[in-house]
Amino acid sequence: MEKLFILFTLCSMILIASPVVHGNGPYGVSDGPKALKHWYRRLPQMKQKVTQLHFYLHDIVGGPNSTNIPIAMANFTAQSPTYFGMIAAMDDLLTAGPSPNSEIVGRAQGLFGSTSLEEIGFHMTFSFVFTSGKYNGSTISLIGRNPFFNEHRELPIVGGSGVFRLARGSALLNTVLYDTALGDAVVEYNVVVLHY
Ligand SMILES: *[C@@H]1O[C@H](CO)[C@@H](O)[C@H](O)[C@H]1NC(C)=O
Ligand SMILES: *[C@@H]1O[C@H](CO)[C@@H](O)[C@H](O)[C@H]1NC(C)=O
Ligand SMILES: *[C@@H]1O[C@H](CO)[C@@H](O)[C@H](O)[C@H]1NC(C)=O
């Protein structure tokens, strides 16, 4: 009986010590600055996790439902075979499968610029904004170089919010569908992320 009680006490302690995930405010985001400070105080005791994510990004360039629009370009850009100097905004759909009608995971929102004179290559700074499941409300921040016509590209993960607070990691991307006439693309993402 005593043994059982000790076991029960231990289990309760483990439960209390493990991080609490709130539905809409992961790790206390909606609980305000106090919860944030508490989270950072607990950080030395927290264990790092490795999470793997897999989804598809739908980049629509042309037509009425465009999710990728140019903001500005230099005079030089029009003469450049690589669109050097163009800056654009994107708000691309992320889905679980390659079809745009498959389960919605979230959006990829951010800015990118054409920053290569030699090939079509973008400097990207954007977030995965998750809108479903246990990552709903959390984000992952990426910054890096995306040489668009390379078969495989890698983008560094430099941070995150919510479940992915203080995240680091890597995203591997490859284009599974590219419409040369419209410029629309479906890009597969394999993500490995370290977080707490
Ligand atoms: C654009 O979106 C609307 C509303 O979802 C849809 O009815 C229409 O078919 C779409 N147009 C194209 C060209 O995809
Ligand atoms: C850019 O092109 C426009 C129109 O051709 C011209 O008026 C302007 O002076 C050019 N600007 C620069 C910085 O070259
Ligand atoms: C995600 O969270 C938002 C805001 O808290 C909520 O309105 C929405 O219903 C949630 N979506 C899903 C798919 O759980």
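The values are calculated or read from the model by the stated rules, or taken from the named source; none is laboratory data. None of these values were measured; they are calculated from a predicted model. Cβ atoms come from the backbone with ideal geometry, glycine included; neighbour counts cover every protein chain shown. What goes into the accessible areas is simple: the full protein's heavy atoms, side chains included, and nothing from ligands, DNA or RNA. Shrake-Rupley method; radii C 1.70, N 1.55, O 1.52, S 1.80 Å.
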Fill in: Residue list for segment 56-82, filter: surrounded by 14 or more Cβ atoms within 10 Å (Cβ to Cβ), among the small types (Gly, Ala, Ser) and either within 16 Å of ligand 1 (Cβ to nearest atom) or not assigned by TED's automatic domain parsing to the domain that holds residue 105 (or both)
66
Response to the item:
residue 156 passes all but one of the listed conditions (1) closer than 30 Å to residue 31 by Cα; (2) touching a residue at least 24 places away in the same chain (Cβ under 8 Å); the exception is number (2)
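It is to be established whether one or more residues within segment 170-184 are over 21 Å from residue 61 (Cα atoms) and surrounded by 15 or more Cβ atoms within 10 Å (Cβ to Cβ).
Going residue by residue through segment 170-184, those that are over 21 Å from residue 61 (Cα atoms) are 170-172.
Applying the additional criterion that residues be surrounded by 15 or more Cβ atoms within 10 Å (Cβ to Cβ) yields 170-171.
For segment 170-184, residues over 21 Å from residue 61 (Cα atoms) and surrounded by 15 or more Cβ atoms within 10 Å (Cβ to Cβ): present.
Condition first: open to solvent by less than 80 Å² (accessible area, probe 1.4 Å) and in a strand (DSSP E or B). Now tell me which residues in segment 106-122 satisfy that.
Let us first name the residues in segment 106-122 that are open to solvent by less than 80 Å² (accessible area, probe 1.4 Å), namely 106-110, 112-114, 116, 119-122.
Scanning segment 106-122 gives 106, 107, 108, 109, 110, 112, 113, 114, 121, 122.
Examine segment 84-105 for a residue that is part of a strand (DSSP E or B), within 16 Å of ligand 3 (Cβ to nearest atom) and open to solvent by 30 Å² or more (accessible area, probe 1.4 Å), and state whether such a residue exists. Even if it seems obvious, please write down each step before you answer.
First, pick out the residues of segment 84-105 that are part of a strand (DSSP E or B): 87-95, 104-105.
Remaining after also requiring within 16 Å of ligand 3 (Cβ to nearest atom): 93-95, 104-105.
Subsequent filtering for residues that are open to solvent by 30 Å² or more (accessible area, probe 1.4 Å) retains 93, 104.
Yes, segment 84-105 contains a residue that is part of a strand (DSSP E or B), within 16 Å of ligand 3 (Cβ to nearest atom) and open to solvent by 30 Å² or more (accessible area, probe 1.4 Å).
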Worksheet item: If the Cβ limit is 7 Å and pairs must be 6+ apart or interchain, which residue in segment 49-64 that is within 22 Å of residue 182 (Cβ to Cβ) and hydrophobic (A, V, I, L, M, F, W, C) pairs with which residue that is within 16 Å of ligand 3 (Cβ to nearest atom) and open to solvent by 20 Å² or more (accessible area, probe 1.4 Å)?
Response: 55/96; 55/105
Worksheet item: Quick one: residue 151 ticks every box in (1) at pLDDT below 95; (2) within 16 Å of ligand 3 (Cβ to nearest atom); (3) not hydrophobic (A, V, I, L, M, F, W, C) bar one, so which box is it?
Response: (2)
